[in-house]
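Colleague: Can you keep this structure in mind? I'll have questions shortly.
The values are calculated or read from the model by the stated rules, or taken from the named source; none is laboratory data. Worth saying up front: this structure is predicted, and the values here are computed from it rather than measured. No Cβ is skipped: glycine too gets one built from the backbone with ideal geometry, and neighbour counts run over all protein chains shown. In case anyone asks, the SASA skips ligands and DNA or RNA and just uses the protein heavy atoms, side chains included. Shrake-Rupley method; radii C 1.70, N 1.55, O 1.52, S 1.80 Å.
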Amino acid sequence: MAAVQATFVISSVVLLCQPPAVPLTNWVPRKQKTRKGRGIGSGKGKTAGRGHKGQKARGSGKLGFEGGQTPLRRRLPKRGFKNPFSLTFQPVGLGKIAYLINKGKIDSSELITMKTLKDTGAIGKQIKDGVRLMARGAEKIKWPIHLEVSRVTVRAKEAVEAAGGSVRRVYYNKLGFRALLTPEWFEKKGRLLPRAARPPPKQRDKVDSIGRLPAPTKPIPFSAEEKEALPC
C-alpha cells in the first residue's frame with residue numbers, strides 16, 4: 001500500500017514539474033457578451049443604453065439620411081449613362097482562324113460556327129452577345145471557308161468572299177447561345193433543346209437569318225433576294 005502511495009506522489013510531482021503546453025501568461029479570460037435589458041442592477045437594463053425616447057432609442061434611421069441636409073448621393077453630379085440596348089461581341093480575326101486551320105484544329109471543309117471557334121480556343125468562354133469577325137490577318141485566307149457569326153466587318157466579309165467562301169450573320173438569344181455552345185447541359189437536365197428565337201426589331205436589319213439548333217455542319221447558300229438585300 002505504501003509503495004502505491006509513493007508511486008502516486010512521484011507521478012504527481014513529475015506532472016507538476018512539467019511546464020504547461022500553454023503558458024499561464026497567455027491565458028486570456030473570454031470576454032462575456034453584454035446582456036442588455038436584464039435589470040437595472042446590470043447597468044444595461046431598462047433602456048439598455050439607448051437613453052430616453054428619440055429616433056435613436058426606437059430604431060435605426062434611414063440609410064443615407066443626414067439630418068435634413070442634401071445627402072451625398074444627391075450632392076455629387078451625375079456622369080454618363082448606361083445604354084440598355086448596347087451589345088458586347090467577342091472579336092476574332094481571320095488570321096487566328098487560318099492559324100487553327102493550318103494546325104488541323106478546324107476543318108475548313110465544314111461550316112465554322114461559333115461553337116467551333118469556342119471548342120478550338122479561337123475565342124474565350126465568355127460569349128455575351130456573340131462573335132464579331134474581324135479582318136486581322138485576312139491575307140492568310142487562301143482557301144474558301146464558310147462561317148456563321150453574329151457580326152462581320154466589311155473588310156473581313158470581302159476577304160472571305162474573295163477566297164470563294166461566305167459569311168452569314170445569325171442571331172441567337174441568351175438561351176440559344178447556351179443550346180449552341182453547351183447542348184449537353186440540356187441533355188443532363190433531361191430537357192429538350194429550345195427553338196431558335198427570332199431577332200428583335202432593332203436587330204433584324206443587322207442579321208441574315210435565325211441561328212439553327214443544334215449546331216449546324218453545312219452552310220445555307222444565300223438566295224437571290226438575300227444577295228440583293230446584303231449591304232454593299
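Colleague: Amide H of A197 versus every other amide H placed in the peptide plane: which residues, excluding those fewer than 5 positions away on the same chain, fall under 5 Å?
Modeller: Residues meeting the criterion, in which the H sits 1.01 Å from N, are N173.
Colleague: Let me ask you something else. How long are the semi-axes of the ellipsoid equivalent to the range 76-188, from square roots of 5 times the Cα gyration tensor eigenvalues, in whole Å, largest first? Could you put the intermediate results ahead of the total?
Modeller: On the way: eigenvalues 146, 78, 29 Å².
For the range 76-188, the ellipsoid semi-axes come out as 27, 20, 12 Å.
Colleague: Please turn the phi angles of the range 71-81 into ³J(HN,Hα) values with the Karplus equation 6.51 cos²θ - 1.76 cosθ + 1.60 (θ = phi - 60°), one per residue in order, whole Hz, x for glycine and proline.
Modeller: Values, residue by residue: x, 5, 5, 9, 6, 7, x, 6, 9, x, 7 Hz.
Colleague: Here's something else I'd like to know. Note the direction-averaged projected area, equal to a quarter of the hull surface, for the Cα convex hull of the range 144-227, in nm².
Modeller: 6.2
Colleague: Span-like helices, the chain: DSSP H, alpha-carbon axial extent 20 Å or more, mean Kyte-Doolittle 0.0 or greater, which ones? Provide the component values of the computation, followed by the final result.
Modeller: Numbers: long enough: 2-17 (23 Å, 2.11).
Membrane-span-like by this criterion, though nothing is claimed about a membrane: 2-17.
Colleague: Restricting to Cα pairs below 8 Å that are 6+ residues apart, what does the relative contact order work out to for the chain? Please round to a whole percent. Kindly include the intermediate steps, with their values, before the conclusion.
Modeller: Values: 269 pairs, mean separation 30.2, N = 232.
Once divided by the residue count of the chain, the mean separation gives 13 percent.
Colleague: Going highest first, how would you order 188-201, 131-144 by mean Cβ packing within 10 Å? Mind showing how you got there, number by number?
Modeller: Working: 188-201: 11.5, 131-144: 17.1.
Final packing ranking: 131-144, 188-201.
Colleague: Of all the accessible heavy-atom surface of the chain, with the other protein chains kept in place and a 1.4 Å probe, what percent is carbon and sulfur? Numbers along the way, then the final one.
Modeller: Numbers: 9790 of 17570 Å².
C and S fraction of accessible area: 56 percent.
Colleague: Okay, moving on. Sorted from largest down, give the three principal axis spans of the alpha carbons of the range 100-161, whole angstrom values.
Modeller: The Cα atoms of the range 100-161 stretch 29, 27, 18 Å along the principal axes, largest first.
Colleague: Also, I was wondering about something else. Give the peptides 118-130, 26-38 in descending order of average Cβ contacts within 10 Å, highest first. Each step should come with its number before you reach the end.
Modeller: Working: 118-130: 14.9, 26-38: 8.4.
Highest to lowest by the protection proxy: 118-130, 26-38.
Colleague: Around M134, which amide H atoms from residues at least 5 apart in sequence, or from another chain, sit under 5 Å from its own amide H, with H modelled in the peptide plane?
Modeller: V92, G93, L94
Colleague: I need the P(r) histogram for the range 78-131: all alpha carbon pairs, bin width 5 Å from 0 out to the longest distance, whole percents.
Modeller: Over the range 78-131, the share of Cα pairs per 5 Å bin runs 4, 17, 26, 17, 12, 7, 5, 5, 3, 2, 1 percent.
Colleague: Could you give the size of the charge dipole of the chain about its Cα centre, using +1 on the Cβ of each K and R and -1 on the Cβ of each D and E, expressed in debye and rounded to the nearest 20?
Modeller: Working: 48 positive and 16 negative charges, 469 e Å.
Its charge dipole is roughly 2260 debye.
Colleague: Also, quick follow-up: Quick one: Kirkwood hydrodynamic radius for the chain, alpha-carbon pairs, angstrom, one decimal?
Modeller: Computed over the chain, the radius equals 25.2 Å.
Colleague: Determine ³J(HN,Hα), in whole Hz, for all residues of the range 110-119 in sequence, where each value follows from phi through the Karplus function 6.51 cos²θ - 1.76 cosθ + 1.60 and θ = phi - 60°; x replaces Gly and Pro.
Modeller: Once θ is set to phi - 60°, the couplings for the range 110-119 become 9, 5, 9, 9, 5, 5, 4, 5, 6, 5 Hz.
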